[in-house]
Structures are given as structure tokens and as C-alpha cells.
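S.K.: Once you've had a glance at the structure underneath, I'll fire off some questions.
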Amino acid sequence: MSRNLSAVVAHVALILVVVIVIGILGSVASATSAGAEKFTGELEENVTLRVLENDTAIKQGYLAELIEAFNEEYKDRNITVQDANMDQYIDLENDGPYGYGPDILYQANDRIMRYPEGRHILPLPAEEFDCFEEVSEKGWQAYRRTVGGQEYTFGIPVNVQGPLLYYRKDLLPENWESEWDDDQNGVPDMVEYWTDLYRFSKQIKESGGGKFGYMRSFLEPYFSVGYLYSYGGYTFGNNNTDPSDIGHSAGNAEYGARIIRQLATVMDERCIDDSVTTGAYAAIASGEFFATITTPDVYTMFVDEMKAAGYSDEFIAENLVTTYIPKLPASGDLEDESQGFIECNMMGGIQGYAISSYTKYPNAALAFVKFATSYQMIKRRNELLGIVPARKDVADEVGGLSEVINNNLESGNITVMPSIKENAQIWTPLQTLFQDLAKDAFRTGAEVKYATLEAMKEALKKVDTQIYDSIFTLQ
């Protein structure tokens, strides 16, 4: 009898849990739908909006130009926009409810997509935007979330982020066409293959004089996790939507770890901290570095430093070159080309605009986002900042690397950062390991920690465990 009673109680409890969960999902879906209904099409007038943009757009004058153009367009409605004057990495979840957040924010997909779950940003009527047909499906996927069985869009893609190789063409050796172009395609081997860039960088470092070939800090995992991806690693399972499946150690990801350690050997210990990142623009301009990797939207930062160093616009246009990331050796060893080469699959992102749920002026905010993502403004953003437009019509017109990066996104050679809040937990463990791998290049004797692939594999497994624990165990 007691067993039957226990079974009944357990069954009732299960039903209650299911009812509660359905109720929660229903309330979230209902709240999301209500958020979408804020866009009535009737513009609020006599209002001031605050927009949060990234630092580069502010420094290079794009935000000021965008604001001036919008304010002129809507002056008859007395709708004005101003710089929110906040840190570009503001936490809307904590600041928004207290009125400290912006009305509109421009950030990468991994940051924006932290907010739908807490209803901190509004679902947007993407079909109303003139860029709707111009943005690829992968671009939209970065900002879509299914709530209560219905799919919503929470951000409007602006540009595709993916690392590029920047190098000084005038610093190539004079004999590069005869000695560094084995396939005779007119492109220096050291910007096509990591093995050649590694060998070239090694020669420069060993020649002394304080010069370096390739330099890049390993402090930012965004620029290094792609080495793991290239050999079978991944961040989350099920197309980066399942945080219970963490795979930075999957496949032969330890080959990618070895690449990081090998690359550090042709640098100096600045690659362990942030000094390479902050000093890269000036170091490229002075010729201290031959090459580095960073994102397309900071191209003008290099240009400014080269102008400050006395170079003409013509010289810069000819000799400051950007290209896609070199190919990796299939062997996973920068000193072994015997197995041929594979594409380097790097982490990327989709930066875009979102609208805060806490704005008092949703329709005016929507008008601004439509204006900022228009053909004219995206083209201007490309001209001033060198971004890779998510809009295909603009990307096709500007051509060059914009086309290349969009094609790499479509082909899978760029892996978009996960658009789930758990992605915030990956950075610190990866950063710690990548810095330690780089530091290992300067250790000797018994201090060396990663002398074997097995040791690197175990280190990657520990990283995956740390990330899992931070998501599911330690909260």
C-alpha cells in the first residue's frame, strides 16, 4: 500500500514539475511576443536615444557621422541620437533594469545573445529591414532564438568578423619570387602557408636586430581557438547550441595546441601578455613586425600609425596588405609539410545591433537601427573602418576580402561564436592554457610542461572539464 502511495505521490510531483516548466516557457514566450508588439509603427517624437557603439567606430569618427546623418533625417520629428558614452562591454542584464543601459547597442553575437533569456532585449521584425534578403542565413542564425516553439530574431547583422593576416609587403625578401614562391602563383609562400611563415619568422628572429616575422598575443582565445577547430576540436556540440557537449579536446585538437607552442618560439615573451596586441599597430608601422593577425575593422588603426611614421597614402595602399589566414600543415607540425595542407578554420563573429527592452522609445530605436543598417551607412562603415559587410550587396560591391570572408563563412572555414550565454565561460580556461602553451616555448629542462602531444591532449581535456564545471557545477 505504501509503495502504491509513494508511486502516486511521485507521479503527481512529476506532473506538477511538467506543468510548472510549461508555465515558465509559456510566460517567456508570452513576454517575448509582448516585446515584439511594442513596435507599433508610430514613432515617438521629441525623444533622445542613447546608442552604444564599439570603441573603433568612435575613435575613427564613424559613430559621429552616423549620428549626424540620422539626426538630420529625423529632425522634423525631433528624434535625436547621442553616444551612450559607456564601456563597449556594458552588462545590460545588470545595468538595464536600473536605467543605466543604452537604448540601442552594437556588439558581437555572443554578447547580444546572452540577453534574450532574461528578456533584456526586444525581438525585432527582421523582415521589415531592407537588409533582410541581403544577409545570409548563417548571419541571421547568429541572432535567432526559439522561444515557446516560435523563432524570434534579436539582432540585425552588420558585419562579419573573422581574423585576417596583416603584413608589410615592402618587408618581403628581395628574392621572394624565386625562393619563396614554390607554386609560382605570384603570392609569397609565407602569407599562404603557416609552415613558411614560421620558417621566415624564425630566420628574422635569429638574425637579431629586434625584428620579428609573425607576432600575436595568445592572451585572446578568439584568435587562437581556431587552431583547435582546424584539427577536429569544437566549442559546443549540435552546431554550438549544446553546452553539455564541450569538445576543445576532440579529434586531433592537440595538433592545434602544438601549433600555438611552435608559433610562440619565433616570438618573444610579449606573446604571453597583451603588449603585442596593444603595440601591434605601431610595430607594423615601424617595421618591427612583418605580420600579425587581427580583425578587419581595425585596418584604419594601422593606416593611422603608418601615416604618423611618415608614410604616404600611396605607400600604405601598396604595402599594407591584408589577406586570409594561411593554410595549416595536415600533420599538425609546422616543421612537416609532407602530408599537405588544410584550411585554417578560425573563430569569427557577427556584429550587429540590438534594442534594449528597457528603452522608452522602441519605435524610434527601431528607426535608428533600420537607418544604421541601410545600404548607404553599411557602405560608409566599410569605407571608414574596413569592416566586412554582412549585407551581400555591399560586400559584392566592395569585393576583395569582403567577398572572401563571406564565402569562408558560408563554406564553414569561419566558425561563428556560440550564440548562447554559456559561451562566456569558455574564455578564461582557454586563455590560461594558451598563455601556458606560449610560455612553455621559453621554458627549459624539467620546467617544460608540454613536450608531448599526450600532455597537450590532457591539458585540453582539463580545459573542457573546467568549462563544464563552471557552467553546470560551480554556479
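The values are calculated or read from the model by the stated rules, or taken from the named source; none is laboratory data. What you are looking at is a predicted structure, and each value in this text was computed from that prediction instead of being measured. All Cβ positions, even for glycine, are placed from backbone atoms using ideal geometry, and neighbour counts span all protein chains on display. Calculation scope for accessible area: heavy atoms of the full protein, side chains included, ligands and nucleic acids excluded. Shrake-Rupley method; radii C 1.70, N 1.55, O 1.52, S 1.80 Å.
S.K.: Normalised by the residues of the stretch 313-357, what does the relative contact order come to in percent, with Cα pairs under 8 Å and at least six apart?
M.R.: Computed over the stretch 313-357, the figure is 26 percent.
S.K.: Excluding P243 itself, what net charge comes from residues whose Cβ is under 11 Å from its Cβ, given Lys and Arg +1 and Asp and Glu -1?
M.R.: On the way: positive: K421; negative: D242, D245, E422.
Residues near P243 contribute -2 overall.
S.K.: Give me the percent of accessible area attributable to carbon and sulfur for the stretch 257-366, probe 1.4 angstrom. Mind dumping the intermediate values first?
M.R.: On the way: 1740 of 3770 Å².
Result for the stretch 257-366: 46 percent of the exposed heavy-atom area is carbon or sulfur.
S.K.: So what is the relative contact order of the stretch 330-475, in percent, for Cα pairs below 8 Å that sit 6 or more residues apart? Kindly include the intermediate steps, with their values, before the conclusion.
M.R.: Numbers: 86 pairs, mean separation 28.5, N = 146.
Worked out over the stretch 330-475, it gives 19 percent.
S.K.: Further question on the same structure: Please tell me which of these pairs span more than 30 angstrom C-alpha to C-alpha: K211/K327; K138/K202; K211/K461; K138/K439? Kindly include the intermediate steps, with their values, before the conclusion.
M.R.: Details: K211/K327 24 Å; K138/K202 38 Å; K211/K461 36 Å; K138/K439 36 Å.
Violating the 30 Å limit, Cα to Cα: K138/K202; K211/K461; K138/K439.
S.K.: Show the residues, 5+ positions off or on another chain, whose built amide H is closer than 5 Å to the amide H of Y193.
M.R.: Residues meeting the amide H criterion: K327.
S.K.: Remind me, relative contact order of the chain in percent, using alpha carbon pairs under 8 angstrom and six or more residues apart? Write out the running numbers ahead of the final one.
M.R.: Working: 818 pairs, mean separation 113.1, N = 475.
Relative contact order here is 24 percent.
S.K.: Can you run phi through the Karplus equation (6.51, -1.76, 1.60; θ = phi - 60°) for the stretch 423-435 and list ³J(HN,Hα) in whole Hz, with x for Gly and Pro?
M.R.: 4, 4, 8, 7, 5, 5, x, 5, 4, 4, 5, 4, 5
S.K.: Per-residue counts of other Cβ atoms within 10 Å, averaged by peptide: what ranking do you get for 176-185, 103-112, highest first?
M.R.: Numbers: 176-185: 12.0, 103-112: 24.3.
The most tightly packed comes first, giving 103-112, 176-185.
S.K.: Still on this structure: Which of the peptides 40-48, 438-446, 382-390 is most tightly packed, and how do the rest follow, judged by the mean count of other Cβ atoms within 10 Å per residue?
M.R.: Put in order of decreasing packing, that is 382-390, 438-446, 40-48.
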